[in-house]
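The values are calculated or read from the model by the stated rules, or taken from the named source; none is laboratory data. This one's a predicted model, so the numbers in the text were calculated from it and none came from an experiment. Here the Cβ is made from the backbone with ideal geometry for all residues, glycine too, and neighbour counts use every protein chain on show.
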Amino acid sequence: MARIFCVANQKGGVGKTTTTVNLAAGLAKVGQRVLMVDLDPQGNATMGSGVEKRKLALTVYDVLLESSSVAQARVRSEKCGYDVLGANRELAGAEVELVEVERRDQRLKTALAQSAAEYDFILIDCPPSLSMLTLNGLCSAHGVIVPMQCEYFALEGLTDLVNTIKQVHANMNKDLQIIGLLRVMFDPRITLQQQVSDQLKAHFAAKVFDTVIPRNVRLAEAPSYGLPGVVFDPAARGSQAYVEFAREMVERIKKM
């Protein structure tokens, strides 16, 4: 049965989508069966997985409104080696349409349960705001992977996210926990980043992943080619770090 993880952070621009697609590609490289779910109306994770979002006949929007199953809406990204439940601008309308329906925060969880046996990992790319879409992701997941830059404001945002996860855990999803914090865009030459990294390790201890994702130009270039960095340039430092992170995830799950 699949382990379902949200990649979430209420702060924007911290590399959530980059982490989602590269972790998905990294897990596929180490032999895992992966479904990547794009819950962001911008559809960046869809495009970054080599899937043209404007040409999708069915998306996660149709799944949330129960007019399609995951099996019907998913598409295969042959280049990346994983399945994609894509998103496009339509998804922005789901916020409004879900307001008055029953079990609105459980729609994604119910849909994923039907296909969970086909995967080892299901990764959900959440939007940066705490919306009904993010809530659907958090209610579906066994845990949250938090990508964060080692900067002061990132620590502020982390406090908000931890409180949100505690509330969802208490009221909606007893399985939900923080799986780990992933340090991204890390430059060891910057003293402040080293200090924040040390603070994270002191406060969160084993919750901080050993793998650190360095600041890397090739990772930044990859989305313009519609690919994760792991596929676009496997030899790049950032790509190798994400494959190492995938291995660490597999090992961490065995201990859970």
* Residue within segment 198-213 that is at pLDDT 95 or above, not β-branched (Val, Ile, Thr) and not in a helix (DSSP H, G or I) present -> yes
* Are any residues in segment 132-148 surrounded by 23 or more Cβ atoms within 10 Å (Cβ to Cβ) and polar (S, T, N, Q), and if so, which ones? -> 136, 140
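Table: residues versus (1) in contact with a helix residue (DSSP H, G or I) (Cβ under 7 Å, 6 or more places away or on another chain); (2) more than 21 Å from residue 233 (Cα to Cα); (3) among the β-branched types (Val, Ile, Thr); (4) assigned to a helix (DSSP H, G or I).
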position	(1), (2), (3), (4)
19	no, no, yes, yes
23	yes, no, no, yes
28	no, no, no, yes
49	yes, no, no, no
57	no, yes, no, no
* Identify the single condition in (1) in contact (Cβ under 8 Å) with a residue 60 or more places away in the chain; (2) buried (at least 23 other Cβ atoms within 10 Å of the Cβ) that residue 77 does not satisfy, given that it satisfies every other one. => (1)
* **Single unsatisfied condition, residue 195 versus (1) surrounded by fewer than 17 Cβ atoms within 10 Å (Cβ to Cβ); (2) at pLDDT 95 or above** => (2)
* Structure fact -> Over segment 149-178, the set of residues among the β-branched types (Val, Ile, Thr) and either crowded, with 16+ Cβ neighbours inside 10 Å or under 15 Å from the mean Cα position of the chain (by Cα) (or both) is 164, 165, 168, 178
